[in-house]
Amino acid sequence: MRDVKILAVSGSLRAESHNTRLLHAAQKFAPGGVDIEIYEGLREIPPYDMDQDTPVDRPAAAADLRRRITEADGLLIATPEFNYSIPGVLKNALDWASTDWSGTEGLPLLHKPTAIMGAAPTNFGSVRAQLALRQVFVWTHTDVVVKPEVIAFRSHERFDEAGNLTDETTIGLLRDLLAALRDKIDAK
């Protein structure tokens, strides 16, 4: 098996985000040959503007995200839940990565092997956000891992004071999710 590169995106901008911590746990528990790079430019991406969404006019941060998604073998997204859906900053980033109005660039999300997970302090975790995100990926024809689902509900109970994921059930599901993403990449 060849080594694979996964771009990991947290839908949260919070410094102490449980979703970003999930991505760090993914790095720690990734199977051999899986390199997970955490994307840290979400805050810099401007609001989506179709007038600027061309190879010449696209803002640098949006162009960088598109390039990184294209170059990665797979995508891993950790999303919190806001108002029963995904955060606006995450949706905005995906909007920038989902287009090719010129017909010359290709679609970064098209058939991209992708895994979804999420954490939230509520009893339902990020269930609704993950469903909303899956709907977005239906439109973009993104190749999403269906199972296992990693929904870290009551997330504040799953990490220690240093931000390390300590819940064995969540760790097991995370490992299984990464293995399923690896399998999807290898099957491509």
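Please work out which residue is farthest from Leu65 (Cα to Cα), limiting yourself to segment 29-45 and to residues that are open to solvent by 40 Å² or more (accessible area, probe 1.4 Å) and in contact (Cβ under 8 Å) with a residue 40 or more places away in the chain. For segment 29-45, the residue satisfying everything is Pro31.
The C-beta contact set for segment 91-110 (first residue assigned to a loop (DSSP other than H, G, I, E, B), second residue open to solvent by less than 10 Å² (accessible area, probe 1.4 Å), distance under 7 angstrom, 6+ apart or interchain) comprises Ser98/Leu109; Thr99/Asp53; Trp101/Asp53; Pro108/Ile69; Pro108/Ala97; Leu109/Ile69; Leu109/Ala97. Of the residues in segment 136-159, at least one is open to solvent by less than 10 Å² (accessible area, probe 1.4 Å), out of contact with any helix residue (DSSP H, G or I) (no Cβ under 8 Å at 6 or more places or on another chain), hydrophobic (A, V, I, L, M, F, W, C) and within 18 Å of Leu7 (Cα to Cα).
Name the one entry in Arg21, Arg68, Arg43 that is in contact with a strand residue (DSSP E or B) (Cβ under 7 Å, 6 or more places away or on another chain), part of a helix (DSSP H, G or I) and farther than 22 Å from Leu173 by Cβ. Break it down stepwise before answering.
Working: Arg21 fails: farther than 22 Å from Leu173 by Cβ; Arg43 fails: in contact with a strand residue (DSSP E or B) (Cβ under 7 Å, 6 or more places away or on another chain).
Being in contact with a strand residue (DSSP E or B) (Cβ under 7 Å, 6 or more places away or on another chain), part of a helix (DSSP H, G or I) and farther than 22 Å from Leu173 by Cβ holds for just one of Arg21, Arg68, Arg43, which is Arg68.
Looking only at residues of segment 135-169 that are outside any helix (DSSP H, G or I), among the polar types (S, T, N, Q) and within 19 Å of Gln27 (Cβ to Cβ), we find that the one that is farthest from the chain's Cα centre (by Cα) is Thr166. Of the residues making up segment 170-181, just one is more than 13 Å from His24 (Cα to Cα) and open to solvent by 70 Å² or more (accessible area, probe 1.4 Å), namely Asp176.
What about Ala93, is it over 30 Å from Asp51 (Cα atoms) and hydrophobic (A, V, I, L, M, F, W, C)? Steps first, please.
Numbers: over 30 Å from Asp51 (Cα atoms): no; hydrophobic (A, V, I, L, M, F, W, C): yes.
No: the conditions fail for Ala93.
Return a yes/no flag: does segment 178-188 have any residue that is in a loop (DSSP other than H, G, I, E, B) and either more than 20 Å from Lys91 (Cα to Cα) or out of contact with any strand residue (DSSP E or B) (no Cβ under 6 Å at 6 or more places or on another chain) (or both).
Restricting attention to segment 178-188, the residues satisfying the condition of being in a loop (DSSP other than H, G, I, E, B) are 188.
Next, only the ones that are either more than 20 Å from Lys91 (Cα to Cα) or out of contact with any strand residue (DSSP E or B) (no Cβ under 6 Å at 6 or more places or on another chain) (or both) stay: 188.
Yes.
The values are calculated or read from the model by the stated rules, or taken from the named source; none is laboratory data. As the structure is a prediction and not an experimental result, all values here were calculated from the model. Note that each Cβ is placed from the backbone with ideal geometry, even for glycine, and that neighbours are counted across all protein chains shown. Just the protein is used for accessible areas: all its heavy atoms, side chains included, with ligands, DNA and RNA removed. Shrake-Rupley method; radii C 1.70, N 1.55, O 1.52, S 1.80 Å.
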